[in-house]
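Undergrad: Okay, here's the structure, questions in a sec.
What follows draws every value from the coordinates through simple rules; no lab data is involved. Since this is a predicted model, take the numbers as computed values, not measurements. All Cβ positions, glycine included, derive from the backbone under ideal geometry; neighbour counts span all protein chains shown.
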Amino acid sequence: MGVSTAVTLTEQPPVALAIEGDIHAREDLARECHRQAFLFALHLTRRHDEAADVAQDAMVRFFASIDRFDPERPIRPWLLRIVRNLILDRARRARIRRTTPLEPEAGEAVIDPPSSEPDPESAAERVQLQRLVWSCLEVLSPEQREVLVLRDYHGLSYAEIADTVGIPRGTVMSRLHRARCVLSEEANRRLLTKNSGGDR
């Protein structure tokens, strides 16, 4: 059974080996971190091409400064902070805010890892729910979206989110609560609209 990216990135020995220059450890870390960087960028920008560019730039910055990283600290907040800063820099330069909704490609689960549910019907329902939640993210403000994504899809603690975003822990909790309320209301609204339309 494979180890999930979220778990692997919290393991300190591979990170320490990568910092020491172990080639295999660096290759493994690069693959794992690139996936995390791409998914986070995709959640925030909602554009595949831009997310790919951001993830690539993030990996360059990540490994350019890895020798200065303390292996005793969790690595994901540091990585995702690099991604976030790159996106903010791009937005400032372009003087626009990326809010264009993006639908996942057919069969692609971009919100959660693929379901291990053996029942095809349950798996299909899970994919539909993922797509609904994905499309509803557009109604959140950028500030709400980033804390929701960091907490619910990347599994960061409140303290790690605060470190990544640069805000107090209490602000993280209040933004997260509001984001979940808005997301739930929007998802329910769309489900009701879809069901009412389907009865006609």
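Undergrad: What is the spin-label model distance, in nm, from Glu20 to Glu143 if the labels are put 7 Å beyond Cα along the C-beta direction?
TA: It works out to 4.4 nm between the two label points.
Undergrad: By how many nm would the segment from Asp152 to Arg31 lengthen if fully extended, with 0.36 nm per residue of separation less the alpha-carbon distance?
TA: On the way: separation 121, 0.36 × 121 = 43.56 nm, distance 2.16 nm.
Result: 41.4 nm gained on full extension.
Undergrad: Please list 3J(HN,Hα) in residue order for the range 160-170, calculated via the Karplus relation 6.51 cos²θ - 1.76 cosθ + 1.60 where θ = phi - 60°; whole Hz, with x for glycine and proline.
TA: Per-residue couplings from phi come out as 5, 5, 4, 5, 5, 8, x, 10, x, 4, x Hz.
Undergrad: OK, next. So, R0 is 25 Å and r is the distance between the beta-carbons of Asp89 and Asp67; what FRET efficiency does that work out to, to 0.05?
TA: E between Asp89 and Asp67, to the nearest 0.05, is 0.65.
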